[in-house]
Structure formats: structure tokens, C-alpha cells
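Below: one structure, written as C-alpha cells.
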Amino acid sequence: GFCRFMKGGGCRGVFEAWEACVDEHRGQDNFVESCLEQTMALKECMEAHPEYYSPMLEAGEEGEGEGEGEKGAEAEAAGKGPGREAAAEE
């Protein structure tokens, strides 16, 4: 699933920090602002490891053209996006 994939590459620790922040702030109004630092660090790490994370980066680029961008990632993080469906299968 999504989490297993993200933890399988070179950004495991950065992803786990992002995931912990999301879990801590889930349902709060300042969710995006609270986890902005972790989100940016995860994005930068993924961009530094395109050989592994390119499928996720490409999916994010496609979503940005449709107004998804960070909102799509936020929905995924909140358990509402398509990536979380796969994570539930773990």
C-alpha cells in the first residue's frame, strides 16, 4: 500500500515524521499549517530520490493541474485520498 511504498525508499524517516504530524493534527483547523515543515521536507526528499519516488511525484504533478496539489495530499493524509485506500489493505 501507500505507506509501505513510502517507507520502502530513502525517505522513510522523513515520511514517518510527516505521518506522525498528520496523525497528531488530524481534524484540526490548522492541519496544513501545523505540518507544512514536514510536508516540505518530504517533498524535497522525494525529489532528491526520483529513481524510487517518481510515480508519486508524477501523480502529484498531474493533480496540481487539476487544483489538487497539496489539497490532494492533505486529503490522502486525512484518510480521504486514493492513496489511503491502499494503505488500509496492509
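Rule-based calculations on the coordinates, nothing more; no lab input. The structure displayed is predicted, hence computed values, not measured ones.
Relative to the present Cα-Cα distance, how much length would full extension add between Glu16 and Glu47 at 0.36 nm per residue of separation? Show your work: numbers first, answer last.
On the way: separation 31, 0.36 × 31 = 11.16 nm, distance 1.67 nm.
Stretched fully, the Glu16-Glu47 segment lengthens by 9.5 nm.
Over the stretch 14-63, what is the relative contact order in whole percent, taking alpha-carbon pairs under 8 Å and six or more residues apart? Don't skip to the answer; put the middle values down first.
Details: 25 pairs, mean separation 15.5, N = 50.
Dividing the mean separation by the residue count of the stretch 14-63 yields 31 percent.
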